[in-house]
Amino acid sequence: ERPKRRLPKWLKRPLPSTEMAFTSNVIEDLNLETVCESAKCPNRTECWAQKTATFMILGNVCTRPCGFCSVPKGKTGEILIDEPERVAEAAARLGLKYVVITCVTRDDLPDGGAEHFYECVQAVRAKTGADVEVLTSDFRGNRAAISRVVEARPDVFNHNVESVPRLYSRVRRNAIYQRSLDLLKQVKDEAPDMPTKSGLMLGLGETFDEVLDVAADLRAVGCDMLTMGQYLQPSADQLPVERFVPPEEFDELGEQCRKLGFSMVASGPFVRSSYHAGEMAAEATS
Ligand code: SF4
Ligand code: SF4
């Protein structure tokens with residue numbers, strides 16, 4: 001095993017606190033998965049203490065082998081038909097006004113889990129009246145599946161390109177950059193008023209200009225919101241961090257990207273797709 005790399009001082013995060021317990025208990029009690037835990041998100045202490053979490057539906061096993069991601073890979077389980085209700089119940093108990101729902105990629109299902117996604121959005125909205133952001137897989141480019149999720153009328157439709165196309169074979173194997181852009185374009189074509197959102201992790205070997213090229217591609221398909229954060233290796237099994245991008249560089253990138261006309265750009269070491277997602281959405285629509 002490689003020696004543990006020291007984090008630069010701007011990447012220090014608070015230790016787990018007792019305030020996280022309420023969120024932890026709700027998640028555990030309702031037997032739900034969160035990307036906060038599965039992806040070992042560095043913001044978990046802060047988010048969970050504030051009673052926010054990002055629900056991960058369709059199981060905790062993914063059919064894709066992304067090099068950066070610690071969600072378990074392998075044989076997937078059955079879709080649990082009571083999951084929409086359990087997600088809705090958790091959102092209610094946590095008092096969420098803004099709910100982010102993401103999923104593992106289910107290449108084994110004909111619709112990639114789109115119908116189940118639809119039902120989760122509906123259930124949360126019916127029970128809580130909260131705004132809902134979906135953070136979806138690419139559904140292998142299945143247009144009918146993507147349409148089904150659009151029909152659930154999420155308040156934000158998020159799909160991450162994750163990295164620059166040159167690095168896809170390492171970072172996002174089995175995904176296709178253009179297919180992700182096509183998904184975002186389809187959502188915009190079908191629901192022009194629905195804000196679309198995408199994001200990248202930095203520190204995997206991409207260059208500044210490559211990131212700007214991706215941002216321009218995203219704008220070309222009408223993407224409204226952009227997130228950029230530092231990649232942190234979840235465990236020794238994932239890709240190593242190539243570089244810790246300094247905060248000033250995140251600022252500069254953010255500024256350059258804003259000039260491209262996004263309604264919201266969040267760029268910083270701890271930015272994640274779902275970090276302060278409600279505030280991001282509010283900023284985008286203000
Ligand atoms: Fe969870 Fe998102 Fe917060 Fe990370 S940033 S802890 S994934 S809600
Ligand atoms: Fe992780 Fe990739 Fe699966 Fe998403 S598609 S859960 S990023 S392995």
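The values are calculated or read from the model by the stated rules, or taken from the named source; none is laboratory data. Treat the numbers as computed from the prediction; the structure is a model and nothing was measured. Don't worry about glycine lacking a Cβ; one is built from the backbone with ideal geometry, like all the others, and counts go over all protein chains shown. Heads up: the accessible areas ignore ligands, DNA and RNA and are worked out on the full protein's heavy atoms, side chains in. Shrake-Rupley method; radii C 1.70, N 1.55, O 1.52, S 1.80 Å.
What percent antiparallel are the DSSP beta bridges of the chain, to the nearest 5?
Approximately 5 percent, going by the DSSP bridge assignments.
Among 10, 269, 150, whose Cα projects farthest towards the positive end of the dipole of the chain, with charges put on the beta-carbon of Lys, Arg (+1) and Asp, Glu (-1)?
10
Under a point spin-label approximation (7 Å from Cα along Cα-to-Cβ), what is the residue 12-residue 255 distance to one decimal in nm?
Once both label points are built, they end up 2.8 nm from each other.
Please build a GNM for the chain, connecting alpha carbons under 10 Å apart, and tell me which residue among 202, 80, 218 fluctuates the most.
Evaluated over the chain, the most mobile residue of the options is 80.
If I build a Gaussian network model for the chain, linking alpha-carbon pairs within less than 10 angstrom, which residue out of 49, 21, 90 has the largest mean-square fluctuation?
Maximum among the listed residues: 21.
Taking a spot 7 Å from the Cα of residue 147 along the direction of its beta carbon, which residues of the range 93-115 have an amide N less than 18 Å from it?
110-115, by backbone N distance to the label point.
Rounded, prolate or oblate: which fits the chain when a ≥ b ≥ c are the square roots of the eigenvalues of the alpha-carbon gyration tensor, with rounded for a/c under 1.5 and prolate only if a/b beats b/c? Write out the running numbers ahead of the final one.
Details: a/c = 1.32, a/b = 1.12, b/c = 1.18.
The shape class here is rounded.
Using the beta-carbon distance between residue 216 and residue 182 and R0 = 22 Å, what value does 1/(1 + (r/R0)^6) give for FRET efficiency, to the nearest 0.05?
Details: r = 16 Å, r/R0 = 0.73.
The value I calculate is 0.85.
In the range 124-253, what percent of the accessible surface is made up of carbon and sulfur (1.4 Å probe, ligands and nucleic acids excluded)?
Working: 2300 of 4920 Å².
The nonpolar share, carbon plus sulfur, comes to 47 percent.
Give me D for the range 44-155 in µm² s⁻¹, whole number, from Stokes-Einstein with Rh from the Kirkwood sum over alpha-carbon pairs, 10 °C and 1.306 mPa s.
Numbers: Rh = 14.4 Å.
Translational D for this selection: 110 µm²/s.
Collect residues whose amide H, placed 1.01 Å from N in the peptide plane, falls under 5 Å from the amide H of residue 33; neighbours closer than 5 in sequence don't count.
Residues meeting the amide H criterion: 56.
Taking 0.36 nm per residue of sequence separation and subtracting the Cα-Cα distance, how much length would be gained by fully extending the chain between residue 194 and residue 75, in nm to one decimal?
Numbers: separation 119, 0.36 × 119 = 42.84 nm, distance 3.41 nm.
39.4 nm is the gain from fully extending residue 194 to residue 75.
For the chain, what is the accessible area per residue in Å², given a 1.4 Å probe and the full set of protein chains? All intermediate terms of the calculation are to be shown ahead of the outcome.
Working: 12790 Å² over 286 residues.
Here the per-residue accessible area is 45 Å².
222 nm [θ] for the chain, helices only, -39500 (n - 2.57) per DSSP H run of 4+, per residue, to 500?
Details: 11 runs with 107 residues, N = 286.
Mean residue ellipticity at 222 nm (helix-derived): -11000 deg cm²/dmol.
Got a sec to turn the phi values of the range 272-286 into Karplus ³J(HN,Hα) couplings, 6.51 cos²θ - 1.76 cosθ + 1.60 with θ = phi - 60°, whole Hz, x for Gly and Pro?
My calculation for the range 272-286 gives 10, 3, 10, 7, 6, 4, x, 5, 4, 5, 4, 5, 5, 9, 7 Hz in order.
Using a simple spin-label model with points 7 Å from Cα along the Cα→Cβ vector, what separation in nm is obtained for residue 25 and residue 207?
Label at residue 25, label at residue 207, 5.4 nm between them.
Provide the solvent-accessible area of residue 146, counting protein heavy atoms only and rolling a 1.4 Å probe, rounded to the nearest 10 Å².
That residue has around 0 Å² of solvent-accessible surface.
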